[in-house]
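Peer 1: This is the structure I want to talk about, given as structure tokens.
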Amino acid sequence: MTVKETHLSGCFVIEPQVFGDDRGYFFESFNQKVFEERTGLEINFVQDNQSMSQRGVLRGLHFQKGEFAQAKLVRVIKGRVLDVVVDVRPDSTTYGQSFSIVLSEENQKQLFVPRGFAHGFSVLEDNTIFSYKCDNYYNKESEGGIIYNDKDLNIDWKLSEAEVQLSEKDKLLPEFKSLQS
């Protein structure tokens, strides 16, 4: 397993070692001991979530606030997404900066998203299955978010505006600058 920190402190790209032959493949998708040794982080995942989406669906940018903040380990089981994180930790030197990566069933890459980050993804293939582990339980009252097309963040979601499909809730998310007030 290869673990590389992104330019955003505490955010890691993880590439498992995949063993393949004419029968298919095998890989270890998570090993807590190895994760902690390579990242220096102690983590206790308590909830696994999975979604299936069609091309053009954009989920995010979401985060949980306060005592319900969540770290996530995200990956794609089937299909392909552009996964995006934004540092929303007010005291961080990379506050407001983003990182994006294509996660797919082909590359088997994963992204560790630390607490204090907004997270979202755009779906680049039909029938994409997205899976993630969380280190804290979801709490509706602690939801936060940023509108996907925020002008200050200027994120390229690899979809045309006409393709983007949002939930009604995500259409109402505030701009990034509202976090500062």
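Rule-based calculations on the coordinates, nothing more; no lab input. Given the structure is predicted, the values throughout are model-derived calculations rather than measurements. Methodologically, a virtual Cβ is constructed for each residue, glycine included, from the backbone with ideal geometry; neighbour enumeration extends over all protein chains shown.
Peer 1: For the residues 146, 129, what sequence is obtained by ranking on other C-beta atoms within 10 Å, fewest first?
Peer 2: Working: 146 25, 129 15.
The order, fewest Cβ neighbours first, is 129, 146.
Peer 1: If you don't mind, another one. I need to check one value: relative contact order of the range 42-181, counting alpha carbon pairs closer than 8 Å and at least 6 residues apart, in percent. Please list the in-between numbers first.
Peer 2: Values: 322 pairs, mean separation 52.6, N = 140.
Relative contact order for the range 42-181 comes out at 38 percent.
Peer 1: Where is the GNM fluctuation largest for the chain (alpha-carbon springs, 10 angstrom cutoff): 159, 103, 58?
Peer 2: Fluctuation is largest for 159.
Peer 1: State which entries of 78/169; 4/171; 133/158; 4/78; 109/140 exceed 31 angstrom in Cα-Cα distance in the structure shown.
Peer 2: Working: 78/169 25 Å; 4/171 33 Å; 133/158 25 Å; 4/78 23 Å; 109/140 29 Å.
Violating the 31 Å Cα-Cα cut-off are 4/171.
Peer 1: Mind putting a number on the dipole of the chain about its Cα centre? Charges go on the C-beta only, +1 for Lys and Arg and -1 for Asp and Glu, and I need it in Debye to the nearest 20. It would help to have the intermediate numbers written out before the result.
Peer 2: On the way: 21 positive and 28 negative charges, 28 e Å.
Here the size comes out at about 140 debye.
Peer 1: Taking neighbour counts of Cβ atoms within 10 Å as a proxy for exposure, in what order, fewest first, do 23, 115 appear? Present the calculation step by step, with values, prior to reporting the outcome.
Peer 2: Working: 23 6, 115 15.
Ordered by Cβ neighbours within 10 Å, fewest first: 23, 115.
Peer 1: If amide hydrogens are placed 1.01 Å from N in the peptide plane, which non-local residues have theirs closer than 5 Å to the one on residue 147?
Peer 2: HN-HN under 5 Å from residue 147: 175, 176.
Peer 1: Once you put a point 7 Å from the Cα of residue 54 and another 7 Å from the Cα of residue 1, both along the Cβ direction, what distance in nm separates them?
Peer 2: Result: 3.6 nm between the two label points.
Peer 1: Stretch residue 141-residue 129 to full length: gain in nm at 0.36 nm per residue minus the Cα-Cα span? If you can, show how the numbers build up before the last one.
Peer 2: Working: separation 12, 0.36 × 12 = 4.32 nm, distance 2.66 nm.
Computed gain between residue 141 and residue 129 is 1.7 nm.
Peer 1: Now, a different point. Could you give each residue of the range 46-62 its phi-based ³J(HN,Hα) in whole Hz, using Karplus coefficients 6.51, -1.76, 1.60 with θ = phi - 60°, and x for Gly or Pro?
Peer 2: These are the phi-based 3J(HN,Hα) values: 10, 8, 10, 10, 8, 9, 10, 9, 9, 3, x, 5, 10, 10, x, 8, 10 Hz.
Peer 1: Show the residues, 5+ positions off or on another chain, whose built amide H is closer than 5 Å to the amide H of residue 97.
Peer 2: Excluding prolines and chain starts, which carry no amide H, the hits are 87.
Peer 1: Here is a further query. Test of understanding: ordering 45, 26 by Cβ neighbours within 10 Å, fewest first, what list do you get? Present the calculation step by step, with values, prior to reporting the outcome.
Peer 2: On the way: 45 17, 26 11.
Sorted ascending by nearby Cβ count, the order is 26, 45.
Peer 1: Of 111, 73, 136, which is farthest on the positive side of the dipole of the chain, counting Cα position, with +1 on Lys and Arg Cβ, -1 on Asp and Glu Cβ, and the Cα centre as origin?
Peer 2: Going by the charge dipole, the pick is 136.
Peer 1: Taking θ = phi - 60°, what integer Hz values does the Karplus form 6.51 cos²θ - 1.76 cosθ + 1.60 yield along the range 15-26, in sequence order, with x for Gly and Pro?
Peer 2: Listing the rounded values in order: 10, x, 7, 9, 10, x, 8, 5, 8, x, 8, 9 Hz.
Peer 1: OK, next. May I ask you to evaluate 6.51 cos²θ - 1.76 cosθ + 1.60, the Karplus curve with θ = phi - 60°, for each residue of the range 31-40 and list the ³J(HN,Hα) values in order in whole Hz, giving x for glycine and proline?
Peer 2: 9, 4, 4, 5, 4, 5, 5, 7, 9, x
Peer 1: Express in whole angstrom the spacing between the alpha-carbon centres of the range 114-181 and the range 31-91.
Peer 2: Rounded to whole Å, the Cα centres lie 12 Å apart.
Peer 1: Pick out which of 154, 107, 136 has the largest mean-square fluctuation in a Gaussian network model of the chain, springs linking Cα atoms closer than 10 Å.
Peer 2: 154
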